[in-house]
1. Would you point out the residue of region 1-11, among those that are touching a residue at least 60 places away in the same chain (Cβ under 8 Å) and hydrophobic (A, V, I, L, M, F, W, C), that is farthest from residue 119 (Cα to Cα)?
2. Checking residue 115 against (1) among the aliphatic types (A, V, I, L, M); (2) in contact with a Leu (Cβ under 9 Å, 6 or more places away or on another chain); (3) modelled with pLDDT of 90 or more, which test does it fail?
3. Among (1) out of contact with any strand residue (DSSP E or B) (no Cβ under 8 Å at 6 or more places or on another chain); (2) farther than 25 Å from residue 82 by Cα; (3) modelled with pLDDT under 95, which single condition is residue 43 missing?
4. I'm checking my understanding of the structure. Among residues of region 55-93 that are polar (S, T, N, Q) and touching a residue at least 40 places away in the same chain (Cβ under 8 Å), which one is farthest from residue 108 (Cα to Cα)?
5. Considering every residue within region 124-131, establish whether at least one is crowded, with 16+ Cβ neighbours inside 10 Å, modelled with pLDDT of 90 or more and closer than 22 Å to residue 12 by Cα.
Amino acid sequence: MRALLADDHQLFRQGLRGLLERAGHEIVGEAADGREALKLARTLSPDVAVLDLSMPLLNGLDAAHELRRVVPETKIILLTMYTDRCYVLQALRSGAKGYVLKTQAADDLICAIRAVLRGETYLSPGVSASVVDATSPFCL
């Protein structure tokens, strides 16, 4: 699996790189903002793009939307600290197939990558209940 990492915190990106490489994944590019992530995705065509939700120049939601348009075969996972239902739903609408909380264990990201590569949608346990609640008729 070939992955692109996008997060504005270099130390965090380096940690993700190490984690994913130890799990056998190849990191083909790293970006510090959404625009750089788009540029790299166009040229590298990664299997998976792991995007921070909150990045400068182009946030993860907007980058995901644009990535779905220009590199539709790339699966998108948003990695964030935000648990609000509105962010999760916006992420799914933007084309993300995974929504992973930074507060989860590292294995959560690995599980998300495996799931989206199988064509599934993956939500961290901390947000899945809010999405189910959002579909409830009592939540209108």
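1. Across region 1-11, the extreme among qualifying residues is 4.
2. Single failed check for residue 115: (2).
3. The single condition residue 43 does not satisfy is (3).
4. Filtering first and then ranking leaves 74.
5. yes
The values are calculated or read from the model by the stated rules, or taken from the named source; none is laboratory data. On a predicted model such as this, the values are computed, not experimentally measured, just so you know. Methodologically, a virtual Cβ is constructed for each residue, glycine included, from the backbone with ideal geometry; neighbour enumeration extends over all protein chains shown.
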